[in-house]
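**Student:** There's a structure below that I have some questions on.
The values are calculated or read from the model by the stated rules, or taken from the named source; none is laboratory data. What you see is a predicted model, and the numbers here were worked out from it, not measured in a lab. Cβ sites come from the backbone with ideal geometry, for glycine too, and all protein chains shown count toward neighbours. Side chains are part of the model used for accessible areas, which takes the heavy atoms of the whole protein and leaves out ligands, DNA and RNA. Shrake-Rupley method; radii C 1.70, N 1.55, O 1.52, S 1.80 Å.
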2 protein chains.
Amino acid sequence: MLAGVDPQGGNQVLQRVKSLIRDIPDFPKPGIVFKDITPLLSNGKAFGEVIGLMAELGKKHAPDCVVAVESRGFIFGAALAAHMGVGFVPVRKPGKLPYRTSRVEYALEYGTDSLEIHSDALGKGARALVVDDVLATGGTAAATIRLVEQQGAIALACLFFIELSFLGGRSKLGSCGVDALLHY
Amino acid sequence: MLAGVDPQGGNQVLQRVKSLIRDIPDFPKPGIVFKDITPLLSNGKAFGEVIGLMAELGKKHAPDCVVAVESRGFIFGAALAAHMGVGFVPVRKPGKLPYRTSRVEYALEYGTDSLEIHSDALGKGARALVVDDVLATGGTAAATIRLVEQQGAIALACLFFIELSFLGGRSKLGSCGVDALLHY
């Protein structure tokens, strides 16, 4: 049950939201069924409802900023930050941020990848809500938590639009709380 | 003067917003002074004011969706779409969108680049507001207008947070109206 949302109404909204997500088989590679959220995003009413419901989940942590990873994380992260009246802090691939950065490396299925944050983006003790579109294996979110904590800031919780529960990504996020609007 | 905004108050807000943008010399390459908007984004009050003021500029066109280019365009585009209660349609680099796409190529200083949109993202006659963070030389925005019009939709106007007027990008956008919150 979502705080501040009539459970019956909330469920009806979530059913409608789910009907606007389509499965794309074999994307980005064979054997993976990709959750395509673009039909939901293009529906103004449904997108607004999703942001409103995610804000309900997020505000119980009383964040003073949203930290989100490019590119799809920017969609939910920026809309949420503006809706909640808190700051927005981007995490990007190496070389994209123009000022001094801190970097973390994290393991992929094959090889490694890196993410960066501006070194001055989060003050010591800043209360950060980590936002992304989908929690899959959890590698990106775990790396983002490390970036936040390296700055002396607090990763209050991770908030996703969708959690792919069968991939077990939640187990990679340590003691950080995890919320998601939809679960598969 | 911004519609619906007290001109004195609006100007004071814009002065404060401008003070939160910093110049980064020689990024992404020597001789270019990059406008770093991340200090503004991380200030929740100022970011919210920017989205509110851009929504004032956008709503006079009565769009039914915002079309925005990854990655920084997603920050303003998604926050604006959610604020205005309209749909959000992403334009991405080739291979990133999971469903059937339409593509345009456009010229860079050296070589070409491409952008894609989902072929079913915009219905015929859809009223699209093209949003990005910065209008520089206009190549990306001109390509996005072409993508919108290829779908039979209407590119009502382009709306930017910042226009780098000295680069003359506006001249590349044809008859499409151009609005920006800040001008350099």
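**Student:** Of the DSSP beta bridges with both residues in the protein assembly as shown, give the percent that are antiparallel, rounding to the nearest 5.
**Tutor:** That works out to approximately 35 percent antiparallel.
**Student:** Over the range B:61-183, with every protein chain in place, what whole percent of the accessible area is carbon and sulfur at 1.4 Å, could you tell me?
**Tutor:** For the range B:61-183, the apolar C and S fraction of the accessible surface comes to 49 percent.
**Student:** Looking at the range A:43-70, which residues lose a minimum of 20 Å² of accessible area between their chain alone and all protein chains in place, measuring with a 1.4 Å probe and not counting ligands or nucleic acids?
**Tutor:** Checking the loss per residue gives A:Gly44, A:Phe47.
**Student:** Across the range B:26-120, what fraction of all alpha-carbon pairs, as a whole percent, falls in each successive 10 Å bin from zero upward?
**Tutor:** All Cα pairs, binned at 10 Å, distribute as 14, 34, 35, 17, 0 percent.
**Student:** Rounded to the nearest 5, what is the percent of antiparallel bridges among the DSSP beta bridges in chain A?
**Tutor:** Taking every DSSP beta bridge within chain A, about 35 percent pair in antiparallel fashion.
**Student:** Rg to Rh for the protein assembly as shown: what is it, with Cα atoms only and Rh by Kirkwood?
**Tutor:** Using only Cα positions, Rg/Rh for the protein assembly as shown is 0.94.
**Student:** I need two numbers for the range B:80-172: Rg to one decimal and Dmax as a whole number, Cα atoms only, in Å.
**Tutor:** Expressed in Å, the Cα Rg and Dmax of the range B:80-172 come to 13.3, 39.
**Student:** Under a straight-distance cross-link criterion of Cα-Cα below 15 Å, which aspartates and glutamates are reachable from B:Lys35, leaving out those fewer than 8 residues away in the same chain?
**Tutor:** Straight-line reach from B:Lys35, under 15 Å: B:Asp23, B:Asp26, B:Asp132, B:Asp133, B:Glu163.
**Student:** Please calculate the 1.4 Å probe accessible area of A:His183, with all protein chains present, and give it to the nearest 10 Å².
**Tutor:** So the heavy atoms of A:His183 present about 90 Å² to solvent.
**Student:** Can you list residues from other chains, or at least 5 along the same chain, whose modelled amide H is less than 5 Å from the amide H of B:Asn43?
**Tutor:** A:Phe88
**Student:** Now for a separate question. Quantify how strongly other chains surround peptide B:114-124 by giving the mean number of their Cβ atoms within 10 Å of each of its Cβ atoms.
**Tutor:** Whole-number average of other-chain Cβ neighbours for B:114-124 is 1.
**Student:** Can you list residues from other chains, or at least 5 along the same chain, whose modelled amide H is less than 5 Å from the amide H of B:Thr101?
**Tutor:** Excluding prolines and chain starts, which carry no amide H, the hits are B:Ser119.
**Student:** Starting from 0 in steps of 10 Å, tell me what percent of the Cα-Cα pairs of chain A lands in each bin.
**Tutor:** The distribution over chain A is 9, 38, 37, 15, 1, given as percents.
**Student:** Another question, if that's okay. Sorted by accessible area with a 1.4 angstrom probe, largest first, how do A:Thr144, A:Thr137, B:Thr38 fall?
**Tutor:** A:Thr137, B:Thr38, A:Thr144
**Student:** How much accessible surface area, in Å² rounded to 10, belongs to the heavy atoms of A:Leu14 with a 1.4 Å probe?
**Tutor:** 30 Å²
**Student:** Still on this model: Any idea what the dipole of the range B:30-184 comes to, in debye rounded to 20, about its Cα centre with Lys/Arg Cβ at +1 and Asp/Glu Cβ at -1?
**Tutor:** That gives the range B:30-184 a dipole magnitude of about 240 debye.
**Student:** Whole-Hz Karplus ³J(HN,Hα) for the range A:18-26, in order, using 6.51 cos²θ - 1.76 cosθ + 1.60 and θ = phi - 60°, x for Gly and Pro?
**Tutor:** 4, 5, 9, 10, 10, 7, 10, x, 6
**Student:** Output wanted: per-residue J couplings in Hz (rounded whole) for the range B:96-101, from phi through Karplus 6.51 cos²θ - 1.76 cosθ + 1.60, θ = phi - 60°, x for Gly and Pro.
**Tutor:** Going residue by residue, I get 8, 8, x, 9, 5, 10 Hz, with x marking Gly and Pro.
**Student:** Which entries in A:Lys96/A:Lys172; A:Lys96/B:Lys124; A:Lys172/B:Lys96; A:Lys45/B:Lys96; B:Lys18/B:Lys59; A:Lys29/B:Lys172 show an alpha-carbon gap greater than 30 Å?
**Tutor:** Long pairs (Cα-Cα over 30 Å): A:Lys96/B:Lys124; A:Lys29/B:Lys172.
**Student:** Quote the total accessible area buried by chains A and B together, excluding ligands, DNA and RNA, probe 1.4 Å, nearest 100 Å².
**Tutor:** Summing both sides, the interface buries roughly 2600 Å².
**Student:** Now, a different point. Counting only heavy atoms of protein chains, what accessible area per residue, in Å², does the range B:43-184 have with a probe of 1.4 Å?
**Tutor:** Value for the range B:43-184: 37 Å² per residue.
**Student:** Take B:Phe34 and A:Leu108, extend 7 Å from each Cα along the Cα→Cβ direction, and tell me the distance between the two endpoints in nm.
**Tutor:** For the pair B:Phe34/A:Leu108, the computed spacing is 2.2 nm.
**Student:** OK, next. List, shortest first and in nm to one decimal, how far the label point of A:Arg22 (7 Å from Cα along Cα→Cβ) is from its counterparts in the other copies.
**Tutor:** Between copies, matching label points for A:Arg22 lie 4.4 nm apart.
**Student:** Mind ranking A:Phe166, B:Phe76 by accessible surface for me, highest first, 1.4 Å probe?
**Tutor:** Highest to lowest solvent-accessible surface, that is A:Phe166, B:Phe76.
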